[in-house]
Amino acid sequence: MTAGFTPPAAWTEVASALRKSGTVTLDANGNGAITFDPDSANQRWVVTGIKVATNQAATATVVPYATVALNSSDITTVAPSQVLGTTWDGNNDNFGAPGFDVGPVDFFSVLFYPPPGQSGTPLAGVIASALVSGVKYTRRG
């Protein structure tokens, strides 16, 4: 396990590969969110990688930023303490180690939005995607 949570000794957990993906079409303001959460109340995740991409041409002049935020799905209201990482290259980038925990009542979002000082108009209609990898732990008994 790479993130900070250590389960109590009484827990019996089964580990399996985490691999989830999602897409969003950016709105007229160039904003979009893809949200991920554990499959049940008996599951927690350790996310160790997130790959973000868009369907933009490699020569696009305006590309979205991508921010990973815990328990927030809106870039306009996310608190700095919820931000787990940001890339200015949301059309093709990777978030990696050290990883982070997502508890059974938590969720996280990959938030796409225009670069500061840029209009979102060139990003309207762009399809953004995220691929999440790591380990999911399902508590048994």
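Could you look through segment 117-135, keep only residues that are exposed (fewer than 15 other Cβ atoms within 10 Å of the Cβ) and touching a strand residue (DSSP E or B) at 6+ places or on another chain (Cβ under 8 Å), and pick out the one that is farthest from Asp93 (Cα to Cα)? Across segment 117-135, the extreme among qualifying residues is Gly125. For segment 116-133, taking the residues that are at pLDDT 95 or above and part of a loop (DSSP other than H, G, I, E, B), the one that is nearest to Gln43 (Cα to Cα) is identified as Val126. As a summary of the residue check, Leu26 satisfies the conditions (1) within 20 Å of Thr121 (Cα to Cα); (2) modelled with pLDDT under 95; (3) not β-branched (Val, Ile, Thr) except for the one numbered (2). Note on segment 86-100: residues that are closer than 19 Å to Thr54 by Cα, out of contact with any Asp or Glu (no Cβ under 6 Å at 6 or more places or on another chain) and touching a residue at least 24 places away in the same chain (Cβ under 8 Å) total 9. The numbered conditions (1) surrounded by 13 or more Cβ atoms within 10 Å (Cβ to Cβ); (2) of a type in the set (A, V, I, L, M); (3) in contact (Cβ under 8 Å) with a residue 24 or more places away in the chain are all true for Val83 except (3). For beta carbons closer than 7 Å, sequence separation of 6+ or different chains, a first residue in segment 101-112 that is touching a residue at least 24 places away in the same chain (Cβ under 8 Å) and a second that is surrounded by fewer than 18 Cβ atoms within 10 Å (Cβ to Cβ) and among the small types (Gly, Ala, Ser), the qualifying pairs are Asp101/Gly4; Pro104/Ala41; Ser109/Ser73.
The values are calculated or read from the model by the stated rules, or taken from the named source; none is laboratory data. As the structure is a prediction and not an experimental result, all values here were calculated from the model. A quick note on method: Cβ atoms are made from the backbone with ideal geometry, for glycine too, and the neighbour counts reach across all protein chains shown.
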